[in-house]
1. Projecting each Cα onto the charge dipole of the stretch 108-327 (Lys/Arg +1, Asp/Glu -1 at the beta carbon, about the Cα centre), which of CYS238, GLN270, VAL160 comes out farthest on the positive side?
2. Measure nothing but the geometry: give the 0 to 90° angle between the long axis through the Cα atoms of 60-77 and the longest principal axis through the Cα atoms of the chain, rounded to 10°.
3. For the chain, what is the percent of antiparallel DSSP beta bridges, rounded to the nearest 5?
4. Taking the dipole about the Cα centre of the chain, with the C-beta of Lys and Arg at +1 and of Asp and Glu at -1, give me whichever of PRO60, ALA296, PRO10 is farthest to the positive side.
5. State the antiparallel share, in %, of DSSP beta bridges confined to the stretch 206-351, rounding to the nearest 5.
6. Using just the helices of the chain, give the 222 nm mean residue ellipticity in deg cm²/dmol: DSSP H runs with n ≥ 4 each add -39,500 (n - 2.57), and the total is spread over all residues, rounded to 500.
7. In whole Å, how far is the Cα centre of the stretch 11-64 from that of the stretch 104-158?
8. Working from Cα positions, state the angle (0 to 90°, nearest 10) between the long axis of helix 211-220 and the longest principal axis of the chain.
Amino acid sequence: MALGLMPTRPALLVRIRDVDGCSGWGEVWANFPPRANLHKAHIIEDVVAPHLRGARFVEPREIGALLCDQLSIYFLHVGQIEVFSHILAGIDTALWDLALRRAGRSFAEFMGLSEASAQSYATSINAEDLERLIPHHASLGQTHFKLKIGFEEHGNREIVKRAAGLCPNGSHIMVDSNQSWTLETARSQLGNLEDLSPYFAEEPLPANAPLADWEELASSTDIPLAGGENIYGIDSFCAMANVGLRILQPDVAKWGGVTGALDLARAMPQGACLWPHFMGTAVGQVAALSITAVLAKTSSCEVDVNENTLRTDLCGDIITVRNGRVDLPSGPGLVVPPVPDLLATFMDGKDSGPMAEASRSGLS
Ligand SMILES: [Mg+2]
């Protein structure tokens with residue numbers, strides 16, 4: 001990963017069961033640090049779950065509002081407001097899944113989608129793998145390819161130039177520097193890339209850099225700026241869009257869940273578009289793809305190119321890219337529940353103690 005070594009692939013799934021035994025699944029962002037899933041699982045079990053027991057809702061947003069009412073000050077006090085956002089996001093997704101499964105409807109049916117599939121793009125392509133991965137993903141019909149850059153030793157321009165040379169006509173390179181540049185560095189690095197026409201530059205500055213810096217960078221380059229995996233709240237997204245952020249990238253497992261992303265799509269200023277960020281298991285990936293399916297031609301959903309059995313196996317073979325698109329589940333619910341045997345394998349595996357512990361501790 002771009003922020004350092006990732007020795008394990010932790011993940012945290014939330015299952016919420018109603019009084020009749022119908023379940024919904026959601027994902028809470030926990031890619032790192034290595035035991036982030038354990039930490040958040042314990043918080044859910046110890047602090048959040050007691051507030052869910054016996055709660056009633058018609059729309060998932062009602063439960064989000066209830067939990068915010070009851071727990072926002074608590075999480076402010078313990079300095080974990082963003083962790084609370086991650087947990088709320090996973091719960092929102094699980095409630096969408098539960099409500100749809102209970103109603104016997106798929107997300108696509110419920111939303112009245114004319115096409116039950118979502119455009120996808122290939123992401124996290126490492127410099128060492130350009131020659132293998134770009135042609136492969138182009139052969140799957142994907143037309144946008146995102147590269148990790150930002151590390152001097154790789155030589156950013158050289159990487160982007162090589163990638164551009166591998167792209168079929170009409171397809172695009174995007175770059176992601178993971179908040180690693182200062183304003184001065186970002187200006188010069190993007191200036192160096194302009195003639196290669198990246199489709200967007202993701203997180204060229206830290207998400208919490210002053211709005212004036214974002215505005216200055218946006219006005220200094222022709223490359224559209226993107227970001228969102230570290231932005232929390234509709235007001236913050238809109239403020240960023242108003243100073244020039246063109247591609248908003250909320251992560252359904254980090255902020256807002258499905259409800260937040262759909263609300264943001266309605267609230268964002270003209271000229272901005274919403275391309276969901278995602279990096280995790282098939283549960284959150286399907287939720288992210290569902291947002292893109294609603295937004296149709298104006299959106300594309302991030303799908304990692306790297307090996308990750310939590311994405312490719314855990315819920316069965318459901319994240320399959322054809323003609324650049326991924327089909328949404330056709331059965332009742334938002335997501336496809338994990339395959340029980342595989343879930344048990346991951347929970348009991350050498351590499352996934354935290355999931356096992358979350359399960360043993362009765363997280364549901
Ligand atoms: Mg990124």
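What follows draws every value from the coordinates through simple rules; no lab data is involved. Note that the coordinates shown come from a computational prediction; the quantities given were computed from them, not determined experimentally. Note: ideal-geometry Cβ built from the backbone for every residue, glycine included; neighbour counts use all protein chains shown.
1. The listed residue farthest towards the positive side: GLN270.
2. That helix lies at roughly 80 degrees to the long axis.
3. Around 30 percent of the beta bridges assigned by DSSP in the chain are antiparallel ones.
4. The Cα lying farthest towards the positive end belongs to PRO60.
5. Restricted to the stretch 206-351, the bridges split so that about 10 percent are antiparallel.
6. My calculation for the chain gives -12500 deg cm²/dmol from helical runs alone.
7. That distance is 29 Å.
8. Helix 211-220 sits roughly 40 degrees off the main axis of the chain.
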